Each structure stands twice: as C-alpha cells, then as structure tokens.
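The values are calculated or read from the model by the stated rules, or taken from the named source; none is laboratory data. Since this is a predicted model, take the numbers as computed values, not measurements. Cβ sites come from the backbone with ideal geometry, for glycine too, and all protein chains shown count toward neighbours.
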Amino acid sequence: MPRRKKTSSKKQPKTLINIVWILALVAATLGSFIAGYYIGYESAEKDVIKKEKAKEQKRASMLKKLEDATLKTKEADINERLKEVLKKKRAGEYEDASHEIEGELLPSPPKREVTKSSIKPKLAIIIDDVSVKSHVNAIKSLNLPITMSFLPPSKYRPNSHVLASKESFYMVHLPMEAKNFTKEEPFTLKVSDSQEIITQRIADIKKLFPKVKHINNHTGSKFTSDENAVKRLIYALEKQSINFIDSRTIASTKVPAVMKNYKKKYISRDVFLDHEFDKEYVKGQIKQAVEYAKAHGSAIAIGHPHSNTILAINESKKLFADIELVLVDKLYVDE
C-alpha cells in the first residue's frame, strides 16, 4: 500500500499571510473609499452651507433694498398727500397760523417748574383747523401719534364732524371771539353770550362730536381775556365732561385764574409751530418744543395742516427719539 504524501506545513503560513494581506488591502481600500466619501460629504456640506449663506445675504440685501424703496415710497406718498392738501385749498382756509395770535409777538408759555423725573418726557402735537379729508390724509401719512383738532362744520367744510367720527380720538377747535380777527366762524362764542347760549352751544358741539373730551380755542383773544366769559365756558364744559386746553392766543388770558377757582389743572399750548410759514422756522419750533418737554417733563405744541408744517414734522422724526410723542389725552396720565 503506497504511502500518502504529507502536505507541507510551510505552505499554510504563506496562505494565511496572503489572506491577511488581501484583507488588509481590502480594508485599506474600503477605508480609503469611506474616508473619501466622508471628506467629500463634508466638503459638499460646506459648499451647501456657503451657498445658503450667499443666498441669505442676497435675500437680506434684497430686503434692505425693498425697505429703502418702501421708505422712499412713503416719503413720496407724504409729498403726494401734501400736494393734495395744496390743491384742495378752499375758500375760507388760511395760508398761515398768524390769524391765531393777537399782536405781533407770540404770547409766552405759562411759567412752569423745571423737573427731573425718571419718566420719559412727553410731547403732544395738536394740529388745529382740521376740516377736510386731505388734512386727515396728510396727518395720517406721518405715522405718528398726532392729535387732530377739528373745526366745527361750515359752508366750506360741511363734513368735518363726519371725518372726526371715523377717528378713535380727536379734539374740537372751537371758534371764539377775537379782538381784531374778522373772519368769524360758525359756532363762534362771544363775550356777550349768556350762560344759556354758551351751554347750548357746547351741547350742540357734543352732539356733532360725541367722542370729544378736549376742546381748544380757535382765535379767541377777546373771549379768553374776559374772565366772566371764560367762567361761563368752563361751567358749560364741565356739564359735558369736556376739558379745555388754552391755545394761549393772547398773553392776558384769564383761563389760568378760572381754572384755579375750579381747582382744575391749567393746560395750555407751550409752543406754536407755524406762526411763520417757513419750513426751517417750523423745524426750529419743533426742536424748541422737544427741549421744552425735556425741561418740564411735558409740553404741548400747536400747528396747522399746511404743507411746510407736515414736512417739518416728518423731517424732525429723529428729534422725537429722546421724548415720547403722545396724543394729548395721554399727556398727564403719569402726573
């Protein structure tokens, strides 16, 4: 019987070594492939992030351009509305605010103490003589809390009370007898009016303007400088729960004395914005009103719905950063 040849044991280690090398080569290849995959993925991910950032920057740039364009459109809209105001001037409307003041000099504001308070100073801007839709549109285009004071209806502005009814807050600019001004308005209160007449006139105003809580005088240099006339007015206003704000059209106003007798706070105009029609003058007056508010804690400025006044307010918005611009009913809530 022939003998079976024995397999050499030396061949087995060589085979194992070859297998190990093959496996190592495969592992290395796979590792290289996987590493390449992840490196490529990371690189692709970075590219995606980079592209997203670029898109975001582009989007932000477009939004900024859109914002700038919107602001320009708003500014253009204000100018268009102002043109509308000028186009729609009607008979009986005034070119400037000098009709409000008796005499060449502006009456000084009432003396007030300089205050230091942690509460932000407040400024209320009242626009008098509001009477037509174009006035309302121009004021609203400012996007600021501006108090509109409406004249009672007349032949040339029959719907002033209707316009006011669409507003959540407004005042009434009530005509009162002046010493020299002759363009008398409907509803004008006169020094010779009895208590019954004044009481009825205020009741009529309340019917036309049911939401009214504040009234200020249109002209009125003669009326407000007569103490008895003012007493009759304040009595009538008290019956209707209406506050009086003195436009202070004359230095000799008797409203402070009457208010003291009634134990009520005297509220009046501190700064007239547009006694002169020049826009730069109005801007100077706005600055003065802001400084007055800072010094005394609060202030009231009065202007009119004329183009230069509206433009001056719009161009003075940066000045309002240091104070709180409020409607007049919010002026004394913290006092």
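Here are the numbers:
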item: Hey, I234 part of a helix (DSSP H, G or I), without any contact (Cβ under 8 Å) to a residue 60 or more places away in the chain, in contact with a strand residue (DSSP E or B) (Cβ under 8 Å, 6 or more places away or on another chain) and surrounded by fewer than 23 Cβ atoms within 10 Å (Cβ to Cβ) or not; result: yes
item: Residue in region 259-269 that is on the phi > 0 side of the Ramachandran plot, basic (K, R), surrounded by fewer than 23 Cβ atoms within 10 Å (Cβ to Cβ) and assigned to a loop (DSSP other than H, G, I, E, B) present; result: yes
item: Matching entry among K190, K183, K207 (being farther than 16 Å from K239 by Cα and modelled with pLDDT of 95 or more); result: K190
item: Matching residues in region 120-142 - criterion: being in a loop (DSSP other than H, G, I, E, B) and without any contact (Cβ under 8 Å) to a residue 40 or more places away in the chain; result: S131
item: Residues of region 189-231 satisfying the condition of being part of a helix (DSSP H, G or I), surrounded by 15 or more Cβ atoms within 10 Å (Cβ to Cβ) and not basic (K, R); result: I198, T199, I202, I205, L208, S221, F223, T224, A229, V230
item: Tally of residues being at pLDDT below 65 and under 19 Å from S247 (Cβ atoms) across region 97-141; result: 11
